[in-house]
Structures are given as structure tokens and as C-alpha cells.
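Here's the structure we're looking at; comments come further down.
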Amino acid sequence: MSVRVFLLLAVLALLAFSAQVHGAAPQLINYQGRLKDSGGHPVTSPMNVTFRIWDAAVSGDPLWTESQAVAPDSSGLFSVLLGSLSPIPDSIFADTSRWVGINLETMAEMSPRVRLVSVPYAFRVATVDRAIWGLFLRL
């Protein structure tokens, strides 16, 4: 093995180790919403909410599901980290058309679903073609 090849392998190993020591990007999606009743008044009582990632804006198949207890503030605003209870596999974002559906308690899913754009697709960065140990190499 030549010295150059050895040094290249050593640098790649060091970078891979460094990336793992510092950790990967969190597999979480920040999601915020505001709950209002039929009269437009804020809903402030805690409730269970089920979130699903779907492969279509209407109908389709659910690709991921998670239920969380949310506690809205006095204006009905809530914030959750999707994936904090049930990890979201990066393979879900292999396609560019994904939507979040929300069910409050036992009610039907709210409409319309919310389309996911940009940031959640960063989950795929570690699985990009020609990536080695999470690093992209130009060949």
C-alpha cells in the first residue's frame, strides 16, 4: 500500500470517527400549530394528537405514525418534535411528496394535510449515492 493511499484511508477514518463522535443531525421535525374550536376560540386544554406522514395529499398510505400529548398555550399554540417518540426513518424521504396528517383525540383527520418541504429531506444526506460513512466523495 502506498503512503498516499494509507494517508487517504487514515484521513477518511478520522473524519468518519469525528462525525460519529460529534453525532449526526437529529432525526426530528419541529412542528407547530394553533388549535381553535368551531367558534374560532383557542383550545387550551391538553389533548392527545396523532401525527402521520402520508405518501399523498388525499387518501394514500401512512408511512409513519406517532401520538403525543400536546399542551397548547393560552392562544392555542403548541409545538412538538415529530420523531421524538417513534423515530422517523430517512427512507420515508426517498420521494419528494410527503404530507403530515393530524388527528385530535378521536376526531377524524384534519384537512388539508400539510406538505413537508425542504428541511425534513435533509434526513437523506447520510444515504446519498456515493456517500461513505456519511461523507460525499467526488469520484
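The values are calculated or read from the model by the stated rules, or taken from the named source; none is laboratory data. Because the structure is predicted, anything quoted here is derived from the model rather than measured. When we count neighbours, we look across all protein chains shown, and the Cβ atoms used for this are built from the backbone with ideal geometry, even at glycine.
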Q | Enumeration of residues in the range 24-60 that are under 17 Å from Ala94 (Cα atoms) and either of a type in the set (A, V, I, L, M) or assigned to a strand (DSSP E or B) (or both) | A | Leu28, Ile29, Arg52, Ile53, Trp54, Ala56, Ala57
Q: Looking only at the range 34-51, count how many residues are loosely packed, with under 12 Cβ neighbours inside 10 Å and charged (D, E, K, R).
A: 1
(Q) Considering only residues that are surrounded by fewer than 12 Cβ atoms within 10 Å (Cβ to Cβ) and part of a strand (DSSP E or B), which ones fall in the range 66-81? (A) Ala69
(Q) Take Ile88 and tell me if it is assigned to a helix (DSSP H, G or I), at pLDDT below 95 and either surrounded by 13 or more Cβ atoms within 10 Å (Cβ to Cβ) or aromatic (Phe, Trp, Tyr) (or both). (A) no
Q: Could you tell me which numbered condition Leu63 fails, if it satisfies all but one of (1) outside any strand (DSSP E or B); (2) farther than 30 Å from Gly40 by Cβ; (3) at pLDDT 80 or above?
A: (1)
Q: Residue by residue through the range 101-124, note down the ones that are surrounded by 11 or more Cβ atoms within 10 Å (Cβ to Cβ), modelled with pLDDT under 80 and in contact with a strand residue (DSSP E or B) (Cβ under 8 Å, 6 or more places away or on another chain).
A: Pro120
